[in-house]
Ligand code: PXP
């Protein structure tokens, strides 16, 4: 499995003091040097962490594949069409939430999702919808033309190590297989960490994991390069780093 590193929390830390440190672009460069598959950033409506300038600068970095997470709004569509990131992941967004709390309801706004996706695909941007492991949402995405889904692993992450883990994991795995049978490619992410990530290898053909918080949290102790290398090795199934 490939690793996409979400560097939003570097920006969260920077914005805590309103200055320039830690430098988001330097973080992106470190991730690139670790040969991660993507740099992921979520440009939120309220710009609470990543700012427009960050996205623009990351987009300009050579040999960096930018995965832009964004809400399904006209403003974000305009930004994506202008910047042409390699990929966009369309996520739900609520102002009050601490982080993306659940998957997007694609089924409930299918017409909008189809219209939203079309111009992005025409610009050769790879489109993914961030959804819960739910058959209705998966079949809705299959009608949008988007080639990817990203499965929300938040419930799995919370259930990990509890009596619920097996049930929740099987739902996640079943959803991934169901989506693949529709011809969709499957990424996953949210709440994955150094302990719970290994079970993702039990899910066939996952393409990429997008991981942010646990990597940035570990980086505080071991440095970003080491934290990324360790997670990349876990994604690749390598034993020792
Ligand atoms: N994937 C998506 C679509 C997300 O919104 C997030 C959180 O921003 C992540 C992955 C990464 O989640 P975490 O920070 O918990 O690893």
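Just so it is clear, none of the values below were taken in a lab; they were calculated from the coordinates. In this text, all values refer to a predicted model and were calculated from it rather than measured experimentally. We place every Cβ from the backbone using ideal geometry, glycine too, and count neighbours over all the protein chains shown.
Taking 0.36 nm per residue of separation and subtracting the current Cα-Cα distance, fully stretching the chain between residue 118 and residue 53 would add 20.8 nm. One decimal place: the segment residue 13-residue 136 gains 40.5 nm when fully extended, by the rule 0.36 nm per residue minus the C-alpha distance. Three semi-axes describe the equivalent ellipsoid of region 127-178; taken as square roots of 5 times the Cα gyration tensor eigenvalues and ordered largest first, they are 23, 10, 7 Å.
Given a Förster radius of 22 Å and the C-beta distance between residue 225 and residue 205 as r, what FRET efficiency does 1/(1 + (r/R0)^6) yield to the nearest 0.05? The pair residue 225/residue 205 has a calculated efficiency of 0.15.
Taking only the C-alpha atoms of the chain, the Rg (one decimal) and the largest Cα-Cα distance, Dmax (whole number), read 16.9, 48 Å.
Going by neighbour counts of Cβ atoms within 10 Å, the residues 139, 214, 38, 198 line up, fewest first, as 198, 139, 214, 38.
Global size of region 1-64: 11.3, 36 Å for Rg and Dmax (C-alpha atoms, Rg to one decimal, Dmax whole). Restricting the calculation to alpha carbons of region 101-241 gives Rg and Dmax of 15.9, 47 angstrom. This ranking places 201, 190, 49 by how few other beta-carbon atoms lie within 10 Å of each, fewest first, which gives 201, 49, 190.
Compared with the alpha-carbon gap, the fully stretched path from residue 75 to residue 94 is longer by 5.3 nm at 0.36 nm per residue. Grouping the Cα pair distances of region 161-240 into 5 Å bins from zero gives a pair-distance distribution of 3, 14, 24, 22, 18, 12, 6, 2, 0 percent in increasing distance order. Distance between the modelled labels on residue 195 and residue 33, one decimal in nanometres: 3.1 nm (7 Å Cα→Cβ projection). Going by neighbour counts of Cβ atoms within 10 Å, the residues 117, 73 line up, fewest first, as 73, 117. For region 26-149, the alpha carbon positions stretch 40, 33, 26 Å along the principal axes, listed from largest to smallest.
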